[in-house]
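Here's the structure we're looking at; comments come further down.
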Amino acid sequence: MTMNHNLYAALRAAFPKDLSAIAVETDDGQFYSWADLERASAMMANLLDSLNIPKGSRVAVQVEKSVEAMMLYLATLRAGYVFLPLNTAYQSAEIEYFIGNAEPAVVVCSSKNFGWVSKIAFKAGTQNVFTLDDNRTGSLLERAAHCSDQHQVVLNKADDLAAILYTSGTTGRSKGAMLSHGNMLSNAQTLKKYWGWKPGDVLIHALPIFHVHGLFVAIHGALLNGSKMIWMSKFDPKLVIAKMPEATVFMGVPTLYVRMLAEPSLTKAQASTMRLFVAGSAPLLLETFNEWQDRVGQPILERYGMSETVMLTSNPYAADARYPGQTERRGGTVGFPLPGVSLRVQDDEGKALPVGEIGGIQVKGPNVFAGYWRMPEKTKEEFTADGYFKTGDVGKIDERGYVVIVGRSKDLIISGGYNVYPAEIEGYINDMAGVAESALIGVPHPDFGEVGVAVVIAKSGAKVDADAVIAALKSQLANFKIPKKCFVVAELPRNTMGKVQKNLLRDQYKGLF
């Protein structure tokens, strides 16, 4: 018998025996059983099949967070198509690029955006555009309601494509990281064991579901363990704290922990049933780590991953046989490479660096993606001759085996857990009337970790208004990419090669917030 490597088949096999039990409880009082997840995803999968689109077709989805949106993800997997989640903040220029590049057979968007999204999709040759809203309405659900609730899960090989996640390059346009069924299942199974998932665990799900952390790490974790999710449409610190006595696991970006620490209701007693707090997607400040441990009585587990690899490293949940005696979750580190992941630090010449020395982080493992969608040259560039992926992150491995990320190559800014690539924003600013050149830098921010600041020089004889620059960007780009401040200056600091010295700009503006 051929083994089915379809990720949905593995998730479905882990559902509890009693399918009438509650799988998801939402913040607006809705309850979904495991049978509901099975039946609704089957109906949506049958709807996708009825469109007669080829196996491996892309399904691009830009909708608000809802349980139905998660069901659409499961439906896409089980029907053998490729899921393409898109940040809800993306605007027309970005959506036009993603649809043009991925050529999805199906696009699903919010009703409020149907006018402009469908225009872009139809122009690009997409035949099928549906709507899905966060109040259980939309043409997708109306059409799926007429479909059978029985569906045979498609047979997939481990290296068949399951999802494409767009991750911007530091230069040029976004790249689509191709993740297979095998990449994601291997990672989910590893984390289930490594993080000690057990019967009776309940996850508070307060993350968005258009990137790795909320869609893959959190959802796969709960489903593969047959665990109930307490589902929040958006993060509300008071509500998360109020729900802690009913839960055991929480995952968040550092900003969420900062916001919960501002609430007097966060106490040891309130968090006493919680066994695991996971942080990732952005650096966790040591100050936040220490304050949380003092207040809640247990340390946050910080881990490290990326769109191209899902999770790579994790601080220990319990003893790790590979690192005898090292059970401490250490603030300022991202822990050890996960079982099955090989991680090394090399210099620019490709030489391995000794313990404690800083260099480029490279990784290899069953979780590492196959490459970038339709970018064979870029893919080749990002892998070493012996098959390691160059993450673009800079770090070191300390004497106890813990990985420490010290920075990011090419000036990537991580704001509130979202990646902001300066080259993309600079491109838009440089196209504006009167602008000669711009530089976008990341500076520390108490809430978002870091935010973008634009520094602009005007063309000779031209006048540029800093507020107008930000206003113009707001109509083109997602909100998290918009610089918080813009300064118009006479010149940018440069080195002898004429390259803008962003480190000097960061020093100059670091105290802004």
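A few notes on this one:
- Test set (1) within 25 Å of VAL258 (Cα to Cα); (2) free of Cβ contacts under 8 Å to residues at least 60 places away in the same chain; (3) among the hydrophobic types (A, V, I, L, M, F, W, C); (4) in a loop (DSSP other than H, G, I, E, B) - VAL334 fails condition number: (2)
- Selection status of PRO324, modelled with pLDDT of 95 or more and part of a loop (DSSP other than H, G, I, E, B): no
- As a summary of the residue check, GLU302 satisfies the conditions (1) touching a helix residue (DSSP H, G or I) at 6+ places or on another chain (Cβ under 8 Å); (2) free of Cβ contacts under 8 Å to residues at least 40 places away in the same chain; (3) buried (at least 16 other Cβ atoms within 10 Å of the Cβ); (4) in the same structural domain as HIS205 (by TED's automatic domain parsing) except for the one numbered (4).
- If you go through region 366-376 and keep only what is surrounded by fewer than 18 Cβ atoms within 10 Å (Cβ to Cβ) and at positive phi, you end up with just ARG374.
- Yes/no for GLN508 being farther than 17 Å from ILE425 by Cβ, of a type outside the set (D, E, K, R) and loosely packed, with under 15 Cβ neighbours inside 10 Å: no
- Test result for LEU179, within 29 Å of ASP236 (Cβ to Cβ) and either part of a strand (DSSP E or B) or free of Cβ contacts under 8 Å to residues at least 24 places away in the same chain (or both): no
- Cβ separations smaller than 8 Å between residues 6+ apart or across chains give the following pairs from region 237-253 residues that are farther than 23 Å from VAL212 by Cβ and at pLDDT 95 or above to residues that are of a type in the set (Asp, Glu) and not in a strand (DSSP E or B): LYS238/GLU263; LEU239/ASP27; ILE241/GLU263.
- Selected residue (only one of THR137, THR190, THR126, THR167 is modelled with pLDDT under 95 and among the polar types (S, T, N, Q)): THR167
- Residues considered: GLY395, GLY417, GLY427. Of these, the only one that is surrounded by fewer than 21 Cβ atoms within 10 Å (Cβ to Cβ) and either in contact with a His (Cβ under 8 Å, 6 or more places away or on another chain) or of a type in the set (Gly, Ala, Ser) (or both) is GLY427.
- Test: residue in region 142-158 that is out of contact with any Phe, Trp or Tyr (no Cβ under 9 Å at 6 or more places or on another chain) and on the phi > 0 side of the Ramachandran plot: no
- Residue within region 338-348 that is of a type in the set (S, T, N, Q) and assigned to a strand (DSSP E or B) present: yes
- Hits in region 411-440 - residues which are at pLDDT 90 or above and within 28 Å of MET251 (Cα to Cα): SER415, GLY416
- In region 230-270, the qualifying residues are those that are assigned to a loop (DSSP other than H, G, I, E, B), under 26 Å from the mean Cα position of the chain (by Cα) and among the hydrophobic types (A, V, I, L, M, F, W, C), and the one that is surrounded by the most Cβ atoms within 10 Å (Cβ to Cβ) is VAL253.
- Among the residues of region 83-92, not a single one is within 20 Å of the chain's Cα centre (by Cα), closer than 22 Å to PRO54 by Cα and among the small types (Gly, Ala, Ser).
- ALA436 being surrounded by fewer than 21 Cβ atoms within 10 Å (Cβ to Cβ), closer than 19 Å to ASP467 by Cα and of a type in the set (A, V, I, L, M): yes
- In summary, THR88 fulfils each of the numbered conditions (1) surrounded by fewer than 24 Cβ atoms within 10 Å (Cβ to Cβ); (2) in a helix (DSSP H, G or I); (3) of a type in the set (S, T, N, Q) with the single exception of condition (2).
- Conditions (1) closer than 21 Å to TYR257 by Cβ; (2) in contact (Cβ under 8 Å) with a residue 40 or more places away in the chain; number of the one not met by ILE413: (2)
- Boolean, VAL363 is touching a strand residue (DSSP E or B) at 6+ places or on another chain (Cβ under 6 Å) and either exposed (fewer than 15 other Cβ atoms within 10 Å of the Cβ) or assigned to a loop (DSSP other than H, G, I, E, B) (or both): no
- Test: residue in region 489-505 that is modelled with pLDDT of 95 or more, of a type outside the set (Phe, Trp, Tyr) and surrounded by 13 or more Cβ atoms within 10 Å (Cβ to Cβ): yes
- Test result for VAL24, crowded, with 17+ Cβ neighbours inside 10 Å, in contact with a helix residue (DSSP H, G or I) (Cβ under 9 Å, 6 or more places away or on another chain), under 16 Å from ALA222 (Cβ atoms) and not aromatic (Phe, Trp, Tyr): yes
- Here LEU477 fulfils each of the conditions (1) surrounded by fewer than 18 Cβ atoms within 10 Å (Cβ to Cβ); (2) in a loop (DSSP other than H, G, I, E, B) apart from (1).
The values are calculated or read from the model by the stated rules, or taken from the named source; none is laboratory data. Since the structure is predicted, the reported quantities are computational estimates derived from the model, not experimental observations. Using ideal geometry, Cβ is built from the backbone for each residue, glycine included, and neighbour counts are taken over all protein chains shown.
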